[in-house]
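Everything below concerns the one structure shown next.
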Amino acid sequence: MRHLVTGGSGFIGSHLIDGLMADRAAQVICIDNFQTGSKANVAHWLEHPRFELIRHDVIEPLRIEVDRVWHLACPASPIHYQVNPISTIKTNMLGTLNMLGLAKRCGARFLLASTSEVYGDPLVSPQSETYLGNVNCTGPRACYDEGKRIAEALTFDYHRVHGLEVRVARIFNTYGPRMAINDGRVVTSFIHQALRSEPLTVYGDGSQTRSFCYVDDLVAGLLALMDSGCLQPVNLGNPVEISVAELAQRIIARLNPHLTVSHHPLPVDDPRQRRPDISRAEHELGWMPKVPLEEGVARMVAALRVQEAIPSAEPEMAVVT
Ligand code: NAD
Ligand code: UDP
Ligand code: UDP
């Protein structure tokens, strides 16, 4: 089985590659333009005979022979996808078109990494796949959330028009080792701030909610979805909802109880609430997340300490393996 993983040197992509490489029959080709990803994330596979890394931007056509396309290429953190919003739209639109064209020519199965952002600032909670969303198509997040909506539209048109076998994962906030230190996403930011003994930067009053899924759970969901017969979009995320203020307090309590929070303006169009209804994933894939937030954060901190050789001066968190 030949797998193409676009965006494979990013956070989720590199963990997905670890999962795919565990199958001895798998050959994995990772393509990435290194906009937000890093070769270091896949460095442990570079010499492996079943692995190949190609620098390539998905907005350009690509001609290789594969059986499965895992299309993850796209910056995912708000500060990264807003740096060059037109490039983000091109990645979602032209990049997805090219990867669909490639999958069609090869007769490959295609999985799109979509997002909970297709629900925008949701007016219902929890969000199920039947909710059509509340998205501002003119705001600064539109390059990403409308970008992913057009990517989904293209994906389902390739299924209807060309009979392409497609899978669509609507991924909710995911965290874990290998998230880029500078990507500004809340779990990474808070952990890094706590380890540097800085105040935790809470945007707005912190009452907005998210539901955080550990990356190993997410990868298990992606693998199950690709292998399933499910032709509808599937929410993948951890349904345990928490406010940003509460997240800050839990990280402070576990890592350094002396820390404070500093409040900063809420970004434009920041969704007020987000929580997945995962009944479709449970029913169709037999999947549900297993790693609670405390354990996932502990694993991330342990990995960071190894990666950055940070001394453990702060009270140690128990690492459950
Ligand atoms: P990431 O930024 O770590 O990874 C994205 C990867 O795509 C990077 O390696 C980047 O260099 C690469 N890339 C970007 N544009 C590219 C292009 N034009 N051509 C080739 N490569 C390109 O982000 P992530 O968190 O690993 O997200 C991976 C995918 O999952 C994205 O599609 C994202 O939208 C989706 N997703 C992630 C989350 C999350 O919480 N992490 C939530 C919802 C959806
Ligand atoms: N494409 C690609 N690799 C392939 C096949 C197609 O990158 O192996 C690109 C192709 O350049 C085109 C897009 O995918 O821009 C859509 O291809 P498709 O054949 O579906 O449509 P068409 O080229 O007929 O418009
Ligand atoms: N956030 C925050 N402080 C930070 C980074 C983010 O309070 O340092 C908030 C942000 O405003 C949002 C939530 O945390 O309400 C999640 O932000 P993130 O960028 O991680 O993901 P997304 O907004 O895409 O869900």
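Among residues other than Leu285 with Cβ under 11 Å from its Cβ, the summed charge is -1 (Lys and Arg +1, Asp and Glu -1). The residues of the chain have, on average, 43 Å² of accessible surface per residue, using a 1.4 Å probe with all protein chains present.
Scan the stretch 12-105 for trypsin sites (Lys or Arg not before Pro) in coil per DSSP, keeping those whose Cβ has at most 13 other Cβ atoms within 10 Å, and list them by number. Kindly include the intermediate steps, with their values, before the conclusion.
On the way: sites: Arg24, Lys39, Arg50, Arg55, Arg63, Arg68, Lys90, Lys104, Arg105; in loops: Arg24, Arg50, Arg63.
Filter output for the stretch 12-105: Arg24, Arg63.
The helix-based estimate of mean residue ellipticity at 222 nm for the chain, built from -39,500 (n - 2.57) per DSSP H run of four or more residues and divided by its residue count, is -10500 deg cm²/dmol to the nearest 500.
Let's test the formula: R0 of 35 Å, r as the Cβ-Cβ distance of Leu266 and Phe156. What FRET efficiency results, to the nearest 0.05? The partial results should precede the final answer.
Numbers: r = 33 Å, r/R0 = 0.95.
Once the sixth-power term is evaluated, E becomes 0.60.
Write out the GluC sites (Glu not before Pro) in the stretch 62-169 meeting two conditions: DSSP loop, and at most 13 other Cβ atoms within 10 Å of their Cβ. If you can, show how the numbers build up before the last one.
Working: sites: Glu65, Glu117, Glu129, Glu146, Glu152, Glu165; in loops: Glu65, Glu129, Glu165.
Answer in residue order: Glu65.
Stretched out straight at 0.36 nm per residue, the stretch from Val306 to Glu52 would grow longer than its current Cα-Cα span by 88.8 nm. In whole percents, the pair-distance distribution calculated for the stretch 1-67 from its alpha-carbon pairs, binned every 5 Å from zero, is 4, 18, 34, 25, 15, 4, 0. In terms of overall dimensions, the chain has a Cα radius of gyration and Dmax of 19.0, 59 angstrom. In a simple Cβ point-charge model (Lys, Arg +1; Asp, Glu -1; nothing else charged), the chain has a dipole of about 480 debye relative to its Cα centre.
Could you give the size of the charge dipole of the stretch 57-184 about its Cα centre, using +1 on the Cβ of each K and R and -1 on the Cβ of each D and E, expressed in debye and rounded to the nearest 20? Write out the running numbers ahead of the final one.
Details: 13 positive and 13 negative charges, 53 e Å.
Roughly 260 debye, rounded to the nearest 20.
The H on the amide N of Thr201, modeled in the peptide plane, is under 5 Å from the matching H of Ser262, each at least 5 residues off or on a different chain. Its relative contact order, with pairs defined as Cα atoms under 8 Å and 6+ residues apart, puts the chain at 16 percent.
Tell me which trypsin sites (Lys or Arg not before Pro) from the stretch 131-224 have a DSSP coil assignment and no more than 16 other beta carbons within 10 Å of their own. Before the final figure, lay out each step's value.
Values: sites: Arg141, Lys148, Arg149, Arg160, Arg167, Arg170, Arg178, Arg185, Arg196, Arg210; in loops: Arg141, Arg178, Arg185, Arg196.
Those that pass, being in a loop and sparsely packed, are Arg196.
One chain, two ends: Glu295 and Lys90. Fully extended at 0.36 nm per residue, the span grows by 70.1 nm beyond their Cα-Cα distance. Here's the picture: charge each Lys and Arg Cβ at +1 and each Asp and Glu Cβ at -1 in the stretch 191-321, and of Leu247, Gly221, Leu285 the one pushed furthest to the positive end of that dipole is Leu247.
How much net charge surrounds Ala103 when only other residues with a Cβ under 14 Å from its Cβ are counted (Lys, Arg +1; Asp, Glu -1)?
Details: positive: Arg2, Arg63, Arg68, Lys104, Arg105, Arg109, Arg167; negative: Glu65, Asp67, Asp157, Glu165.
After counting each charged neighbour, the total is +3.
Can you tell me the dipole magnitude for the stretch 170-287 around its Cα centre, using point charges on the Cβ only (Lys, Arg +1; Asp, Glu -1), in Debye to the nearest 20? All intermediate terms of the calculation are to be shown ahead of the outcome.
On the way: 11 positive and 13 negative charges, 48 e Å.
Result for the stretch 170-287 is approximately 240 debye, rounded to the nearest 20.
Along the axis of the charge dipole computed for the chain (Cβ charges of +1 for Lys and Arg, -1 for Asp and Glu, origin at the Cα centre), the listed residues Ile191, Gln127, Met93 are led at the positive end by Met93. For the stretch 195-293, the pair-distance distribution built from all alpha carbon pairs, in bins 10 Å wide starting at 0, is 15, 35, 29, 17, 4, 0 percent.
The values are calculated or read from the model by the stated rules, or taken from the named source; none is laboratory data. Values in this document were obtained by computation on a predicted structure and should not be read as measured data. Here Cβ is always computed from backbone atoms with ideal geometry, including for glycine, and neighbour counts include all displayed protein chains. Side chains are part of the model used for accessible areas, which takes the heavy atoms of the whole protein and leaves out ligands, DNA and RNA. Shrake-Rupley method; radii C 1.70, N 1.55, O 1.52, S 1.80 Å.
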